[in-house]
Amino acid sequence: MRISELSNPYGATGARPTAGEIVDRPWRMLIGGAATEAASGDTMDVINPADETVVTRIPLGGAADIDAAVEAALAAAPAWAATSVADRARALVALAEAIEAHGEELAWTDTIDNGSPIGVMRGDFRAAVAELRYFAGLALQLRGETIPVADHDAFDYTLRDPFGVVGRIVPWNHPLMFAAARIAAPLLAGNTVVLKPAEATSLSALRLGELAAGLVPPGVLNIVPGLGPDAGERLVTHPDVPRIAFTGSSATGRRVQARAASAAVKTVTLELGGKNPLIVFADADVHAAVDGAMAGMNFTWQGQSCGSTSRLLVHSSLFEEVVTEVGRRMDAMRLGDPADPATDIGPLVSAEHYRKVTSYIRAGLSDPALRLVAGGSALHRPGYYVRPTLFSAPAGPSGPLFQEEIFGPVLVAAPFESYDQAITEANALPYGLTASVWTTDLHTAMAAARDLRAGYVWVNASSAHIPGAAFGGVKNSGVGREEGMQELESYTQPKNVYVRF
Ligand code: NAD
């Protein structure tokens, strides 16, 4: 049976497929509705982070492929914009149904490609389906406004025009979820899309392209995998791509903003990194806060989440208790094969990322201000496995482990004495994505929600995303908001129309 004929072959039996069964086959990009190889003929290896084996090869798209994709997207743009918004919504629903029908296959594809445990990757395809349906449901909310005019012989209103071609660049931590969910708003708004998935995890995006090929007209969705500095930068600087939406690291986001501006005035939104604080005040429910600290780290995808609350700030009266319990829970996590449903935490995504995360752990181990509470080592076997690691800094936050986004299963903890000290520390970094506050006092909760400089604040909660609640950062964590109405509107340009009768 060809993989394209598979629907949900593993869910019913619970059987565990091999990597070869899922991904060992020819892979093609999607350009202008056609499955294509890279113009150069180049390919790149796909490595399973669980065992470091090369499981397949995919086309390595470059500038010529981006140019071809943009050309196709530009040609398709007028007809797609002229399609009724109800029909565009129907296409999103059809895509959601296709993903749902192939969910099990897509989840295994991501597990093999990205290393996150299979249960978590099943959650990702469901999240993608939910987002596509959510945006489809917003279709009729996409409207302009009428503006009062004093003169009775005139009328003023706004239209929401699509941009044309949107360049959509996504990272590797939620491969299918980002690829599928983040094309919903631009497509619904009447734009065509060129999607560049992350080089480490392009498989499920390519599969998405196969599923979408019959559901949207040729050129409406184009998917070109390739390296950031090559394919990514060509997309960002392409003169026919006026709207760029980027999710990735703050350093790359700043470069994207600069490179885009070097080509033309473009509308650029950025969803970037974070070093997010979780604050446990003295009156917090300690057990709930410990649960929240564990959930907030998103250990089930190895801490590889922009929203992870990777700075634990605890009132000194609770510090030892919270740190000891969080460390105990981290040590109890089952680290191992992501294809095993009993696994809590799998390997990091790539050798490069493994080197980065373990270099932070080594720096922590040699920093006299830090005390190792949990983890601190890797597994000595093939695969990029790092134990969930907790460092505490009893004398207060210190060094790069408290300042830089590690994007792995590394948590740092420090005590504080007062509300002001906690908020000052939380706001001290150039990031501002999420923050989590634990308290039983309404005044403290509301004050902290006001005072924290972050785009998304949880009170007595962490990690949760609510459909329709806008997600995004302040400072170097980004510009723009996604997952809500603002995302949809951000893919339109308001046009004012003044009519004199
Ligand atoms: P990255 O910035 O290295 O890469 C992200 C994407 O950008 C990839 O597709 C990459 O190929 C591309 N890219 C790289 N260089 C480029 C360039 N010069 N021009 C154009 N594109 C380029 O990030 P990553 O390591 O893949 O992902 C992890 C980062 O993403 C973390 O910092 C994390 O916090 C962030 N992230 C943010 C959010 C959010 O919603 N705020 C969500 C997920 C991840």
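Remarks
- Against the chain, whose longest principal axis comes from its Cα atoms, helix 103-114 is set at around 60 degrees.
- Taking the DSSP bridge list for the chain and keeping only pairs wholly inside it, about 40 percent are antiparallel.
- Sorting the segments 264-270, 308-314 by their residues' average number of neighbouring beta-carbon atoms within 10 angstrom, most packed first, yields 308-314, 264-270.
- Residue-span extension gain [THR146 to THR324] - 0.36 nm each, minus C-alpha spacing: 58.2 nm
- Solvent exposure, largest accessible area first (probe 1.4 Å, DNA, RNA and ligands not counted), of THR237, THR424: THR424, THR237
- The chain: C-alpha gyration tensor shape, a/c 1.5 cut-off, then a/b vs b/c: oblate
- For GLU404 and ALA469, the difference between the fully extended length at 0.36 nm per residue and the C-alpha to C-alpha distance is 20.7 nm.
- Its relative contact order, with pairs defined as Cα atoms under 8 Å and 6+ residues apart, puts segment 277-472 at 27 percent.
- Couplings for segment 200-216, taken from phi via the Karplus curve 6.51 cos²θ - 1.76 cosθ + 1.60 with θ = phi - 60°, read 6, 8, 9, 4, 5, 5, 5, 5, 4, x, 5, 5, 7, 3, x, 9, 10 Hz in order; Gly and Pro are left as x.
- With the whole protein complex present, GLU97 retains an accessible surface near 100 Å², based on a 1.4 Å probe.
- Under 5 Å from the amide H of SER377 lie the amide H atoms of ARG387, each residue being 5 or more positions distant or on a separate chain, with H modelled from the backbone and absent for Pro and chain starts.
- Highest average packing first - 342-353, 408-419, 457-468, Cβ atoms within 10 Å: 408-419, 342-353, 457-468
- Heavy-atom accessible area for TRP172, with the other protein chains in place and a 1.4 Å probe, reaches approximately 50 Å².
- Averaging Cα coordinates gives a centre for segment 418-444 and one for segment 43-102; these two points are 40 Å apart.
- Seen against the Cα atoms of the chain and their longest principal axis, helix 63-82 is set at about 60 degrees.
- Distant-in-sequence amide H partners of VAL459 (H built 1.01 Å from N, under 5 Å): VAL437
- Our coupling estimate for segment 272-278, obtained by passing each phi through the Karplus curve with A = 6.51, B = -1.76, C = 1.60 and θ = phi - 60°, is 10, x, x, 9, 7, x, 10 Hz, Gly and Pro reported as x.
- Gain on full extension, evaluated as 0.36 nm per residue between LEU365 and GLU352 minus their Cα-Cα distance, stands at 2.7 nm.
- Highest-first arrangement of 488-494, 147-153, 36-42, where packing means the average Cβ count within 10 Å: 488-494, 36-42, 147-153
- Within segment 277-472, DSSP assigns beta bridges of which about 15% are antiparallel (rounded to the nearest 5).
- Principal-axis tilt of helix 442-451 within the chain, Cα atoms, nearest 10 degrees: 60 degrees
- Model label points for LEU379 and ASP285, set 7 angstrom from Cα along the Cα-to-Cβ axis, are 3.4 nm apart.
The values are calculated or read from the model by the stated rules, or taken from the named source; none is laboratory data. If you're wondering where the values come from, they're calculated on a predicted model, not measured in any experiment. Note: ideal-geometry Cβ built from the backbone for every residue, glycine included; neighbour counts use all protein chains shown. Keep in mind that these areas ignore ligands, DNA and RNA; they rest on the heavy atoms of the full protein, side chains included. Shrake-Rupley method; radii C 1.70, N 1.55, O 1.52, S 1.80 Å.
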